[in-house]
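S.K.: This is the structure I have questions about; it appears just below.
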Amino acid sequence: MEYKDLLNSHLKYGTTEKDIISDKGFEHILENVVIAPWWRHNMFDSINYRVEKINDQLYNFYSDDLSFSYIEIRNIGAPAIMDYVMALGVTKCKNLVFVGSTGSLDENIKIGDIVIPEYSICGDGASRYLNPNLEDEFLKKEYPSKEMTNKLLSLLDNKKIKYHRVPNFSVDNIFAQFMHIDKILELGSKTIEMETANVFKCCKVMNMNVVAIFCVSDNTVLNKSLYSGRTDEENEYRHKVRYEIFPNLIVELFKKLK
């Protein structure tokens, strides 16, 4: 399926590209975009940028040498984020950075660690809507943009920032995922989250650059889940990575893409 096929289907039922953009205030979207299912734009408070609020979910950041948009969905899962990502195809957006939390399925990937997914295995149902005739997408691998990912990895290496590059699984439900951890491990997954298989597929359809940066929020195999087991020290480290390392890393990545 091509992006123009999706746009033509909208037009068939009376919706234009202008309608798609104005629905979310996306006429103000810049070339560089950060999208987050749950994290708020205040993660960038530590950098000296002018912030313009477009609406409750869209914020633009400006400095003398760089500008970027930040979209905070305030919801989780592929169906929630897909509408926002697909709408970016009719905006100025060229480069998309997905930021969010991931769960570790490896005892060596600790809470607070940075993870860059090598690929994400589809465990969602929303992605099949990007296939002709609703072809099944389940358990297929989706990849981030190679060049953009390599530039991110180069930045991490040059700064000597510890990270893990691993296969990831994008699940549809948090509560029920524990029943299927053994199967997900059999597939080679080292981390688990809810959106990036879909985000990567969306961007492939739109021919848009995309990369994902995770911060580990929990570790299932060490009995440190979202529900229990995490220490104050682990949460403090995670907070430091999210608010101190991520903002500068993302800004420098966008500058390398100029």
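S.K.: Provide L187, L156 in ascending order of the number of other Cβ atoms located within 10 Å of each residue's Cβ, fewest first.
M.R.: The most exposed by this proxy come first: L187, L156.
S.K.: Still on this model: Going by C-beta contacts inside 10 Å, put R50, R230, R74 in order with the fewest on the left.
M.R.: R50, R74, R230
S.K.: Which semi-axes, in whole Å and largest first, does the equivalent ellipsoid of the range 131-258 have when worked out from the alpha carbon gyration tensor as the square roots of 5 times its eigenvalues?
M.R.: Values for the range 131-258, descending: 25, 24, 11 Å.
S.K.: Turning to a different aspect of this structure: Determine ³J(HN,Hα), in whole Hz, for all residues of the range 58-64 in sequence, where each value follows from phi through the Karplus function 6.51 cos²θ - 1.76 cosθ + 1.60 and θ = phi - 60°; x replaces Gly and Pro.
M.R.: Once rounded to whole Hz, the list reads 10, 10, 10, 10, 10, 9, 5.
S.K.: Can you pull out the chymotrypsin sites (Phe, Trp or Tyr not before Pro) in the range 97-139 whose DSSP state is coil and whose Cβ has at most 15 other Cβ atoms within 10 Å?
M.R.: F138
S.K.: If you average the sequence gap of Cα pairs under 8 Å that are 6 or more apart and divide by the length of the chain, what percent do you get for the contact order?
M.R.: 25
S.K.: Could you list V171, V221 so that the one with the fewest beta carbons within 10 Å of its beta carbon is first and the one with the most is last?
M.R.: Placing the least packed residue first, the sequence is V221, V171.
S.K.: Do the alpha carbons of any pairs in K4/K92; K110/K240; K110/K256; K151/K201 sit beyond 18 Å of each other, and which pairs? Please report the intermediate quantities before stating the final value.
M.R.: Working: K4/K92 16 Å; K110/K240 14 Å; K110/K256 29 Å; K151/K201 20 Å.
Over 18 Å apart, Cα to Cα: K110/K256; K151/K201.
S.K.: Kindly state, as a whole number, the per residue volume in cubic angstrom of the convex hull around the alpha carbon atoms of the chain.
M.R.: Enclosed volume per residue, from the Cα hull, is 125 Å³.
Values quoted throughout were computed directly from the atomic coordinates according to the rules given, and no laboratory measurement underlies them. Everything quoted here is computed from the prediction, not taken from an experiment. Positions of Cβ are generated from backbone atoms using ideal geometry, with glycine treated the same way; all protein chains shown enter the neighbour counts.
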